[in-house]
1. Determine the shape class of region B:1-88: with a ≥ b ≥ c the square roots of the Cα gyration tensor eigenvalues, call it rounded for a/c under 1.5, and otherwise prolate if a/b is greater than b/c, oblate otherwise.
2. Distance between the C-alpha centers of region A:159-186 and region B:1-73? Whole Å please.
3. Residues of B:357-366, mean number of Cβ from any other protein chain within 10 Å of their own Cβ, rounded to a whole number?
4. In what sequence, largest accessible area first, do B:THR52, B:THR16 appear using a 1.4 Å probe?
5. Could you tell me what percent of the accessible area of region B:2-176 is made up of carbon and sulfur, with a 1.4 Å probe and every protein chain present?
6. For A:PHE126, which sequence-distant residues (separation of 5 or more, or a different chain) have an amide H within less than 5 Å of its own amide H, given hydrogens modelled in the peptide plane?
7. Rank these residues by their accessible area, most exposed first, probe 1.4 Å: A:VAL93, B:VAL224.
8. What are the ³J(HN,Hα) couplings of region B:238-245, residue after residue, when phi is run through the Karplus curve with 6.51, -1.76, 1.60 and θ = phi - 60°? Round to Hz, x for glycine and proline.
Amino acid sequence: MNRETEAIKNLLNWLLQEPNPNFSKPSGDSSQETGFDEFGAADQQLNDSDPLDSEEVSIPPSQFNGSNPFFFSGYPFSPEESQLFESGDRPAVQDRFHALIQRRLRAEIEHKPPLFPWETEVCEYFDSATPDVVPAYFWTAQLQNLSLPIPMPETILANLLEQCQEVVQTSLREGAKLVQAVESLFPGQSNALNQLAGLVLASPSRSAALAPQPSRLQEGFPSDYDVATPAQRMALSLIAAREIIESLTLTVSPSQPQAERQWQTAAGTLTLTADYQIATGRLRVQGELPCPGSLQFQGADAEAIAQRSNPGSLSVEIPDPELGQTNRLEVRLEGANLAPLVFAIRFVTEAE
Amino acid sequence: MEAIFNLLFDELKQSTQASEQNCRDVATRLTGEVTRICSESRRIQASGEVETWSVTLARHRSKQCLKYYQLGSQRGRVELHSTLSAVIYRYITPPQVQSSYQARLTLIEDFLQGFYIEALNAFRRENQMPATYRPRSLLELAEYMAFTERYGKRRIPLPGRRSQQLIILRAQTFSQQQPPETSVDMEQAAEGMSGENERGWGTASVQQVREQMVAQEPEPAEDVLRHAVIAELLKYLEERQQTDCADYFALRLQDLPANEIEAILKLTPRQRDYLQQRFKYHLIRFALSHHWELVHQWLEADLERNFGLTPQQWQLLQDRITPQQLELLRLKQKGLADGAIAQALGCTATQVQKQWSKLLEQAWEIRNNLVSGAGASTDE
């Protein structure tokens, strides 16, 4: 029964001796190899060595075929010498062990992928850089360009942008849209707001004016929002809302079949062109996206979606738009869990 | 180095969708790294083949970078994480009494989180990037992941002309900083081995042999032989579709305790026990028939040395075996091939091999009785 076991045991133990030839403590000099986050010790050692030692490629370049990398251990070798080192330095069993562990771990790692130091969640990366902004401020880059009498705090503008995206989808008259957009900032001030809205609408739209010359409206504003009176703040918000609504709205008609808008995002410029094709009666929107994303175009009884995985152009269209109808266009850009930006594509008669 | 930059730039532009500026940035950084290595390496400078080396190093880098680019953010990080985990697995020692698969995984996770920070800092430092730099595009992420793999695998010279991979040194330091039970753990782990021995491998003599083996100065020639036998055994197991046995052997070679081997291979203790028996069976087949020369070379028991038997033992063997086996032995000593022996004995080559195995078994038995200290005569 026990005939060969002793010999086999000996054989096995011989094979298993010194389990890992690479396993070596840093020569008892543990003081030299201290802090985990301390680069000093290792780097100093690195500097003393030939950096070629760190390379996985070691076959003399002329013989390198790229398929057979292994650790380098000395002077550039002849192929025969390299073979020797390959078997000695990276035994097949080491590879097998690594492959085995890697296979085993992969499933668990897939289940819970690691985060890199700068990440808070695993996210996709794209060919154009992911903007380094909190999602809330991704779209508000455009608001820096608003033509306002004095600069306004970003938080207020961000709030206005949100409100404006809702009101542009309504069929309210312009003054009512403005009031509704700013109302939440000035609760209980409807009357004052309505009056001021009339004033704001009476002056030419600032972005419509060719030169950003101060209009009459600007006169009387302080240099800083913080010191503005409530009425001045209301007026400023209404002006901003008007600008934003204008930027979010593309209006086309049979006589003016094309409209274009640009919107600055943290990732670059988004360009939208709305186009009413008289021959086919279709309403088409083309977008130039600064990063991967999608367009969703919602008509009265049709919807179109298009998306792409890199920056570039996309188009969506709906047939037979109704006159006077406001059609919803959602622009989603990927990168940082962004809410979409919603535009209004209006199709109107000449009269309007 | 203009040529190296162009090579990298073209390759990145061709193989990725990244913006031109992005390709340019990454190519510039990689060129810098290659240039640095080439100018700092005395060996490369001495080789007189600086140009060829730079191309090789640059190609290697772009290949790594493109590999991660093609894998993407999700699969790329799984690949990197599992690669690095496998490298350090053996060196991350949990502070528990006995190492276990799950305990190691938790520690590896902690360790690698720190290592990614170190690699990011090293990346910024070596490429003179601001301390706020972080990869933003997919190509930059791939660049970071490839760098992190290279950085971890850098060999750090140690006293005594040895070297070790940076990430392994870090992992060892990390393990040392674990609570003090760690040192106990090492001993416990060794005991864990003998605990397993009781279940399958015999007891005291193994320990003795082991000590004896460790006490011996590891001779380079023997090491080469040992590696050769291990490689042959793995090949043998593969050829016989015994992949699980080969995996089991690879784990045994890492000195892992039974419970950890079970967790890694997803086996119950019973299944592992069965696998162990199966492995042993194949090991015997391997040693006695297919690669006996190699194994016997280790035993210093090749045929020229009468299987390492003393004259009395040699005589004993000849007394024990059948006349046909005796003839077989004689023909083997003459150096005849199996085919020729089969012809001479009037049997098939398979039968020759079978007889030869039996003969070897007997030789082993006789030799062992001495090795294990039990006198050959008492058995008789």
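The values are calculated or read from the model by the stated rules, or taken from the named source; none is laboratory data. From a predicted model like this one, the values you see are computed outputs, not experimental measurements. Cβ: placed from backbone, ideal geometry, glycine included. Neighbour counts: every protein chain shown. These accessible areas exclude ligands, DNA and RNA; they are computed on the full protein's heavy atoms, side chains included. Shrake-Rupley method; radii C 1.70, N 1.55, O 1.52, S 1.80 Å.
1. oblate
2. If you average the Cα positions of each part, the centres end up 54 Å apart.
3. Across B:357-366, the average partner-chain Cβ count within 10 Å equals 2.
4. Solvent-accessible surface, decreasing: B:THR52, B:THR16.
5. Ligands and nucleic acids excluded, carbon and sulfur reach 51 percent.
6. The answer is B:LEU138.
7. From most exposed to least exposed: B:VAL224, A:VAL93.
8. Here the 3J(HN,Hα) series is 4, 4, 9, 6, 9, 4, 5, 5 Hz.
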